């Protein structure tokens with residue numbers, strides 16, 4: 001599964017992050033990039049939908 005975390009990064013074009021890879025990695029290695037803010041956005045949208053559904057159901061049951 002996941003064996004190493006790439007922590008050594010370099011600056012590319014004065015603003016972007018680049019990562020240094022070892023020569024020990026095989027040619028068929030897969031690199032997975034996890035962008036945490038994207039997951040947090042999905043969780044926020046899910047909570048928003050659940051909140052709206054809860055409000056609608058509560059108003060529907062009170063009528």
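The values are calculated or read from the model by the stated rules, or taken from the named source; none is laboratory data. These numbers were taken from a predicted model, which means no experiment stands behind them.
Filtering the range 4-20 to residues that are at pLDDT below 85 and over 19 Å from the mean Cα position of the chain (by Cα) leaves 8, 20. Residues that are over 30 Å from residue 6 (Cα atoms), at pLDDT 95 or above and part of a helix (DSSP H, G or I) occur in the range 29-47; there is at least one.
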